[in-house]
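Below is one structure, written out as structure tokens; comments come after it.
The values are calculated or read from the model by the stated rules, or taken from the named source; none is laboratory data. Since the model is a prediction, treat every value here as computed from it, not as a measurement. Methodologically, a virtual Cβ is constructed for each residue, glycine included, from the backbone with ideal geometry; neighbour enumeration extends over all protein chains shown.
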Amino acid sequence: LAGSRLLFGATSNIQPTGSVAGVVEWVTEQLQLEGSSKSTFTVTARLSTVDNHWAKYVVGWSPPGTARTVLGYTEFRRHQWVIVASGYSNVGCPVGPLGRIVVPLAVIQGFGLYCPHIQTSVSP
């Protein structure tokens with residue numbers, strides 16, 4: 001499926017941290033490397049208010065309904081954005097209750113999302 005192969009661990013040379021435009025540009029470049037035409041998708045991104053080294057992006061397709069919307073997270077590490085999670089549901093959450101958290105739970109919750117199988121005292 002389009003956008004489902006965004007390279008985990010792929011890095012960018014786009015700087016600085018805190019740049020939403022940098023995240024959009026980086027994800028756009030990765031989708032084009034996968035073979036998607038820029039005219040068929042739109043990337044939006046938002047920085048985490050919990051930690052500005054994290055951003056959430058959403059890929060929407062045109063016309064709507066031609067592919068599933070993709071949600072992902074990037075982290076700014078060593079002066080570059082790194083795609084750490086990408087998918088359709090429960091993105092960034094551990095596979096099971098004892099799994100490794102890919103994206104910090106506070107970051108996920110800061111975007112108004114949650115991991116359904118993790119009990120916390122924080123409301124989503």
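Observations
- Selected residue [loosely packed, with under 12 Cβ neighbours inside 10 Å, at pLDDT 90 or above, part of a loop (DSSP other than H, G, I, E, B) and among the small types (G, A, S)] from G112, G35: G112
- Among (1) charged (D, E, K, R); (2) closer than 15 Å to L113 by Cα; (3) surrounded by 17 or more Cβ atoms within 10 Å (Cβ to Cβ) - the single one R46 does not satisfy: (3)
- Criterion applied to R68, R77, R46 was being of a type outside the set (A, V, I, L, M), within 21 Å of V20 (Cβ to Cβ) and at pLDDT below 85, and the one residue passing it is R77.
- Residues that are buried (at least 18 other Cβ atoms within 10 Å of the Cβ) and in a loop (DSSP other than H, G, I, E, B), drawn from the range 75-95: V91, G92, C93
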